Amino acid sequence: MRDGFIGTLVELAGEDERVMLVTADLGFGIFDEFIARFPDRFINVGVAEQNMIGISTGLALDGWKIFAYSIGNFSTLRCLEQIRNDAAYHGANVNVICSGGGFTYGNLGMSHHATEDISIMRALPGVTVVAPCDRFETRHAVRALIAAPGVGYLRIEKQVPIDTSVSGIPYKLGKARRVREGRDVTIIGAGGVVADALGAADELSKQNISARVVSMHTLTPVDAEEIRDAIATTKAIVTVEENQVSGGLGGAVAEVCVETGIGVKFRRLGLAGVYSAVVGDQQFLRNYYKVDASAICEAVRELFG
């Protein structure tokens, strides 16, 4: 995903001289091409994320199209007040990039586990929140966010084992992508964990359970129509995310389910009111915190009793 982001950013900078990259002392090596081709449109503010958002907002209000890049929690929690008061309140075209969503930097410990960011960013009015599941969605999300008004939040990971471009399903901001059809249960994921949702669907098919898999890449605005269709045409919904279920994908889907007034079997998988205190690689932590394929299968089987 990260390479998809920077590749698309270089393309955009070549097409539009108002595109600028601001970083908080991160991204060296991967930004070499951008820096070489557009040296006057690259700013490293140092380890000063609040300053990164302040500068980005000022530039955006002067007509620049900004991508502000740092590791997950540093580009959100550390400068949340600046995102809220400076960028979002003024509707500035600042796209905050979270490099390392969820457990991507699992081996670096809890400080680098971005597991509350979706919930927090969803709470800010006027912020478009996006968590793509692969390189294809990342590339399209970058182009969509720069064209969208106001603040964008893009949560990317490093590498994922899937490529949903082969499905031929187009990408549109705010429109979920149904990457696998199914009639019994709908598994809705956000981010790279969609790979585990697809793995779970394969396993469930061996037990004669037909599972639909949906990539809810845009959390704000969430695709309520796709959720209502899942309620109407399948028997249960399971959400899965590397984030707190409160306010995250699970919360967003639950809100739509309740507002429809129609009951549906429902389960949220994610962190439920705990911090991720365990250290390990991304898949190890998915397994430990039960947001992996095995946990999804178990949740589905419990729902079908």
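With R₀ set to 25 Å, the beta-carbon distance separating D202 from I262 gives a calculated FRET efficiency near 0.30. Entry note, segment 92-186: relative contact order of 34 percent, from Cα contacts under 8 Å with a spacing of 6+ residues. Once the other residues with Cβ under 12 Å from the Cβ of S56 are scored (Lys, Arg +1; Asp, Glu -1), what is the net sum? Local net charge: -2. The listed peptides 268-281, 47-60, ordered by packing as a protection proxy, come out as 47-60, 268-281 (highest mean of other Cβ atoms within 10 Å first). Note that the chain presents 40 Å² accessible area per residue, ligands and nucleic acids not counted, probe 1.4 Å. For segment 33-49, the Karplus equation 6.51 cos²θ - 1.76 cosθ + 1.60, evaluated at θ = phi - 60°, returns couplings of 5, 4, 5, 5, 8, 9, x, 7, 10, 10, 10, 10, 8, x, 6, 7, 5 Hz by residue, with Gly and Pro reported as x.
Determine, for each peptide in 2-11, 124-133, 185-194, the mean count of other beta carbons within 10 angstrom over its residues, then list the peptides with the highest first.
185-194, 124-133, 2-11
Only protein heavy atoms count here; under a 1.4 Å probe, T260 has an accessible surface of about 40 Å².
Comparing Cα centroids, segment 59-122 and segment 215-229 end up 21 angstrom apart.
Given +1 at the Cβ of Lys and Arg, -1 at the Cβ of Asp and Glu and no other charges, the dipole of the chain around its Cα centre is 620 debye to the nearest 20. Averaging the sequence gap over all C-alpha pairs within less than 8 Å and six or more residues apart, then dividing by the number of residues, gives segment 31-155 a relative contact order of 25 percent. For the chain, the orientation-averaged shadow of the C-alpha convex hull comes to 14.6 nm² (one quarter of the hull surface). For the chain, the share of DSSP beta bridges that are antiparallel, to the nearest 5, is 15%. Taking the 1.4 Å solvent-accessible surface of segment 19-132 as the whole, the part contributed by carbon and sulfur is 53%. Dividing the summed helix terms, -39500 (n - 2.57) for each DSSP H run of n ≥ 4, by the number of residues in the chain produces a 222 nm estimate of -10500 deg cm²/dmol to the nearest 500.
The values are calculated or read from the model by the stated rules, or taken from the named source; none is laboratory data. Keep in mind that what you see is a predicted model, and the values were worked out from it rather than measured. Positions of Cβ are generated from backbone atoms using ideal geometry, with glycine treated the same way; all protein chains shown enter the neighbour counts. What goes into the accessible areas is simple: the full protein's heavy atoms, side chains included, and nothing from ligands, DNA or RNA. Shrake-Rupley method; radii C 1.70, N 1.55, O 1.52, S 1.80 Å.
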